[in-house]
Amino acid sequence: FRERYGVDSLGLTNCVAQSEYIATRFGQVALLDDFTAIERMTDKFDLVTVIGMSEHVVGRLKDKLLQNIHARLRDGGVLYLQTIAKPDQWIGGDAYRLVQEFVFPGHDLDTQAEMETRFAKAGFKIVHVEDHAMDYAFTTGEWAKNVTANFSRLKALIGLKNANLFLMYLLYASKLFKNGRGKLMRYSLVKA
């Protein structure tokens, strides 16, 4: 953002390696904390991005996340949010249960309608929305290739059972999203 648009950015991550990478690569600050750090901020922002994180937050905390962002945005500020949505009708047998129990324990997917209700309740107006499921199909397919190529290293790190589980998840997710049975939603929202 600094190079392209001449503006300052502030990152927020709960991953030490990611924070160090940002500082080394870009010389910028990324706060090492979780999203509740937003509550302690006094700054106002023109744009907040949330990418691939909200699906890992349970319902009541999703509402809190949106409320906190709303409070930190200037009037007319934009929230860009990317998240996976639960299909309106789940057809997958035990696959979703296995993902919820073993791959992303505690994650909480909303349907598109549930998400959009949350946005309105938090004071956001949707100005643009797209489902980019094919992007996630491609991404998880590429991750599966990387896992396959490095399977012995992954197995040594997390064990055979977990390595197999993650590979199966990536292969299944790629197929699911490719066949239109999963949604990767990208929203542009304006503070109402």
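Inspect the stretch 62-74 for any residue being over 20 Å from Gly11 (Cβ atoms) and of a type in the set (Asp, Glu) and give the result as yes or no. Yes.
Conditions tested, residue by residue: (1) over 19 Å from the mean Cα position of the chain (by Cα); (2) modelled with pLDDT of 95 or more; (3) not hydrophobic (A, V, I, L, M, F, W, C).
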{"position": "Arg118", "(1), (2), (3)": "no, yes, yes"}
{"position": "Lys125", "(1), (2), (3)": "yes, yes, yes"}
{"position": "His128", "(1), (2), (3)": "no, yes, yes"}
{"position": "Phe138", "(1), (2), (3)": "no, yes, no"}
{"position": "Trp143", "(1), (2), (3)": "no, yes, no"}
{"position": "Asn146", "(1), (2), (3)": "yes, yes, yes"}
{"position": "Leu160", "(1), (2), (3)": "yes, yes, no"}
{"position": "Tyr169", "(1), (2), (3)": "no, no, yes"}
{"position": "Tyr172", "(1), (2), (3)": "no, no, yes"}
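Among the strands (runs of 3 or more DSSP E) lying completely within the stretch 1-76, list those that include at least 2 residues that are among the hydrophobic types (A, V, I, L, M, F, W, C). I'd like the intermediate steps shown before the answer.
On the way: elements: 11-13, 30-32, 45-51.
Of the strands (runs of 3 or more DSSP E) lying wholly inside the stretch 1-76, those with at least 2 residues that are among the hydrophobic types (A, V, I, L, M, F, W, C) span 30-32, 45-51.
Table: residues versus (1) farther than 25 Å from Met115 by Cβ; (2) basic (Lys, Arg); (3) surrounded by 11 or more Cβ atoms within 10 Å (Cβ to Cβ).
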| residue | (1), (2), (3) |
| --- | --- |
| Gly11 | no, no, yes |
| Asn14 | no, no, yes |
| Val29 | yes, no, yes |
| Asp46 | no, no, no |
| Gly52 | no, no, yes |
| Val57 | no, no, yes |
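The values are calculated or read from the model by the stated rules, or taken from the named source; none is laboratory data. Everything numeric in this text was worked out from a predicted model, so none of it was measured. Backbone-built Cβ (ideal geometry, glycine too); neighbour counts: all protein chains shown.
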